[in-house]
Amino acid sequence: MFRVICHLDMDAFYASIEQRENPALRGKPVIVGAPPTQRGVVCAASYEARTFGVRSAMPSATAGRLCPKGVFVRPHMDRYKEESRGIMRILAETGAVVEPVSIDEACLDFSSACQATDADASLRLAVPIARQLKHRIADERRLTATIGIAANKLLAKIASDHQKPDGLTLITEAEKVAFLRPLPVRTLYGVGKVTEQVLHGAELRTIGDLQDHGGDLRALVGSFGPRLKQFALGEDDRPLELGEEIKSISGEETFLQDTEDRRVLRACLKEQAADIATKLKRHRLGANTVQVKVRYGDFTTLSRQITVEDPITEAADIYRLGCWLLGREHLVSRPLRLLGLGVSNLYEPTLRQLPLF
Amino acid sequence: MKFSIAKDQFASGLQSVQNIVSSRTTLPILSNVLLRAEGDRLDLTVTDLDVTIQCDVSATVSRPGTVTLPVKKLFSIVRELGSPELEVEVDDRSVCSLRAGPSFFKINGLPAEEYPPVPEFEEQRIVAMPQEVLGSMLRKTSFAVSTDETRYVLNGLFFSLKEHKITLVATDGRRLALTDEEAEIDGESQREFIVPTKAVVELQRLLHDKGQVEVRATENQVAFMLLGEDGHRAQLISKLVEGTYPNYQQVIPKESKERITLIREELLLALRRAEIMTSDKANSVKLSFSRNQLSITANSPDVGEARENLAVNYKGGDFGVAFNPTFLLDALKALAEEEVFFELTDELSPGVLKINGPFLYVIMPMRMN
């Protein structure tokens, strides 16, 4: 069966909802988040505000400087969640298999409804369906969405980022390699700041550079190498994640050479923490236990964990506790072959203690 | 070494120092108290290498000398003795003979030379104040110190001695208690440091309602010298927590929308009742304000709910905010004032509990997801 995957991304979701609710905000640079006079960050910005360089997660004070005419609106999370539920309902009614990726993103599998003689003909069958879906969201919710269509999750997501807002992009199997060529390596799933730096260090800047790279990428990025090469060629066989209950989330990295270099280990933990935090957010979970795992050259493997009072959701906290565990137990007393970080004891926090700092 | 001493004196001295002995120490001598008999007094010292406590009590010394003895055993013996006076004699092999009326004990000690040296403290004193004042300041803040061992710098009480003021701050990242007092601190001895929790707990135990306390500090140690009215001294020396304390001033709200006067005892009791209906996963109470009324509710899906209304002087609009009841109760219990003032803005902004005096307590709300 040919795979047909759509990635749907709502355009400036929070800001668009605010503009829909309050006509006076339409056409204005709307910044959802803390007011610029207070400590706090931008949650979302309308496209009008983005032209001034305002981005989400930016300190509100900076946003206020970049966009002095910006209209700051306090977030109404309840409203956004309600809206998200409404949109997810519409998606479910299409008959597709739906993976909710975040509050304003979802991945849809239309494979069973779109089968033709070859892969690209199958993908083309999804175009009118996607267009109809956009119309329905516009009619019923008065919001715009951008949809990417491709044969896998990786490409569908890249397609949905390609033309925003209100876009619809199809990446066919025939065109995918050429489509990816000019894009920066960072575009690929799994390439964060650290991996990007490593790749840049080897003069690999675009996905095309990766496609043309003759050597073994494992020399640069370890066990991620073969998968990175597949991603660069637009191949991805990850299935949709369909919300079965998650017990734990973890990642581990086997180093090319055993290492006790603190910088390498910290960078590794930081990346793992970021990945874990992203997954926690996607599933709206908090973790009460953090664990680290180390394996030495002789394959002795140890793991240590700590359980905390307030559920953890942020990468910085996962990283901090990971470092703390390694330090407390003097685990890096000799070079490591493998380093792993994970969280467990997960549940959906209904209540969250807000931090002072 | 030979001396005689009143049972009560000896017991109170041992009581002051014995707490910091750790039961799982690797160095056996750290289970001992160092005794030094000299002149008309007996000095007692105990250390766990981080915190050291020394005190002196009256004794009649017939042969001066030093020894170390297991402090828990010694304290148990002295406490259980039937007669008011006891005699202590130690031979060259550090074996102690203790006689009190019909009772006789032989205790094996270790020579004083093997005891870790007590830190020398040459530093000038920074500030002197009545013990009662420092005790009250500790009571108003120490409950907010973090017990999260992964946040090392918060595992202590922050002391700021500057600008003619002594300020104490404690926080665990979710609430923050602050109090200050005017004090004479000259320009050169202005200091800021973090005193570890264990030392704070012991200091609170040592402080009395009468007498003075002097504070001295070096780069990595602090000493509190307690001068009793009877002329006896006790001293606590502690290592300081290394690291930079968070910038606490920036989390203290400069203004708030509402200031509500509440009767401390009334609020405390109502919160205690509501707290019963909280659970691990629903550990919050909601305070809902409406005209002249505060409604306190707790709600745990698996347990049930509690609701209670208090009459308050409130004229603003209706709003509600949720807090961890333990955080509120900690502060209300530590205070003695009849009235407290709760400054609030909305359900996401910090609340500030104040009294008619130099104290404030910032507490972050809990948010429903």
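Here are the numbers:
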{"item": "Computed Rg/Rh of the protein assembly as shown, alpha carbon atoms with Kirkwood Rh", "result": "1.07"}
{"item": "Nitroxide proxy distance, nm - points 7 Å out along Cα→Cβ at B:Ala6 and A:Thr300", "result": "5.9"}
{"item": "Spatial separation of Cα centroids for the stretch B:108-156 and the stretch B:249-288, in angstrom", "result": "31"}
{"item": "For the stretch A:190-232, diffusion coefficient by Stokes-Einstein and Kirkwood Rh (Cα), 37 °C, 0.692 mPa s, µm²/s", "result": "325"}
{"item": "Amide H partners (placed H, <5 Å) of A:Leu168, local residues excluded", "result": "A:Ile147"}
{"item": "Counted charge near B:Arg125, where neighbours are those whose Cβ lies closer than 10 Å (Asp, Glu -1; Lys, Arg +1)", "result": "-1"}
{"item": "Phi to ³J(HN,Hα) by Karplus 6.51 cos²θ - 1.76 cosθ + 1.60 over the stretch A:92-101, Hz, x for Gly, Pro", "result": "5, 5, 6, x, 6, 7, 10, 10, x, 8"}
{"item": "Amide H within-cut-off set for A:Leu356, under 5 Å, with H built and near neighbours excluded", "result": "B:Arg174"}
{"item": "Base-10 log of normalised Debye intensity for the stretch B:1-50 (one unit scatterer per alpha-carbon) at q = 0.23 Å⁻¹", "result": "-0.88"}
{"item": "The stretch B:197-233 and the stretch A:179-236: distance between their alpha carbon centers, rounded to Å", "result": "62"}
{"item": "Those trypsin sites (Lys or Arg not before Pro) in the stretch B:272-302 that DSSP places in a loop and that have at most 12 other beta carbons within 10 Å", "result": "B:Arg291"}
{"item": "Paramagnetic reach from A:Ala174 in the stretch A:121-161 [backbone N under 13 Å; point 7 Å along Cα→Cβ]", "result": "A:121-124"}
{"item": "Karplus-derived HN-Hα couplings along the stretch A:191-197 (A = 6.51, B = -1.76, C = 1.60, θ = phi - 60°), whole Hz, x at Gly and Pro", "result": "9, x, 4, 5, 4, 4, 4"}
{"item": "Spin-label model distance (nm) - A:Gln115 vs B:Ser22, 7 Å beyond Cα toward Cβ", "result": "6.8"}
{"item": "Rel. contact order, % - alpha carbon contacts under 8 angstrom, at least six apart, the stretch A:248-347", "result": "47"}
{"item": "Label-zone membership for the stretch A:135-169, site A:Arg89, 7 angstrom Cα→C-beta point, backbone N under 13 Å", "result": "A:140-141"}
{"item": "Cα gyration tensor category, rounded, prolate or oblate, for chain A with a/c compared to 1.5", "result": "oblate"}
{"item": "Whether the stretch A:7-158 is rounded, prolate or oblate, judged on the alpha carbon gyration tensor where a/c under 1.5 counts as rounded", "result": "prolate"}
{"item": "Mean separation of Cα contacts under 8 Å (6+ apart) over length of chain A, as relative contact order %", "result": "14"}
{"item": "Dimensions in Å of chain B - Rg and Dmax from alpha carbons", "result": "24.8, 79"}
{"item": "Distant-in-sequence amide H partners of B:Phe319 (H built 1.01 Å from N, under 5 Å)", "result": "B:Phe289"}
{"item": "Globularity ratio of the stretch A:67-145, using Cα Rg and 2.2 N^0.38 Å", "result": "1.38"}
{"item": "Square roots of five times the Cα gyration tensor eigenvalues for the stretch A:248-347, Å", "result": "23, 13, 11"}
{"item": "log10 of Debye I(q)/I(0), alpha-carbon scatterers only, for the stretch B:190-345 at 0.17 Å⁻¹", "result": "-1.01"}
{"item": "Debye intensity ratio in log₁₀ form over the Cα atoms of the stretch A:160-289, taken at each q of 0.14 Å⁻¹", "result": "-0.78"}
{"item": "Separation of the B:Asp50 and B:Ser288 label points, Cα + 7 Å toward Cβ, nm", "result": "4.5"}
{"item": "Over the stretch A:1-179, relative contact order from alpha-carbon pairs under 8 Å, at least 6 apart, %", "result": "27"}
{"item": "Cleavage-rule hits (GluC sites (Glu not before Pro)) in the stretch A:206-247: DSSP loop, at most 10 neighbouring Cβ within 10 angstrom", "result": "A:Glu244, A:Glu245"}
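FYI, it's all coordinate maths here, none of it is from the lab. These numbers were taken from a predicted model, which means no experiment stands behind them. All Cβ positions, even for glycine, are placed from backbone atoms using ideal geometry, and neighbour counts span all protein chains on display.
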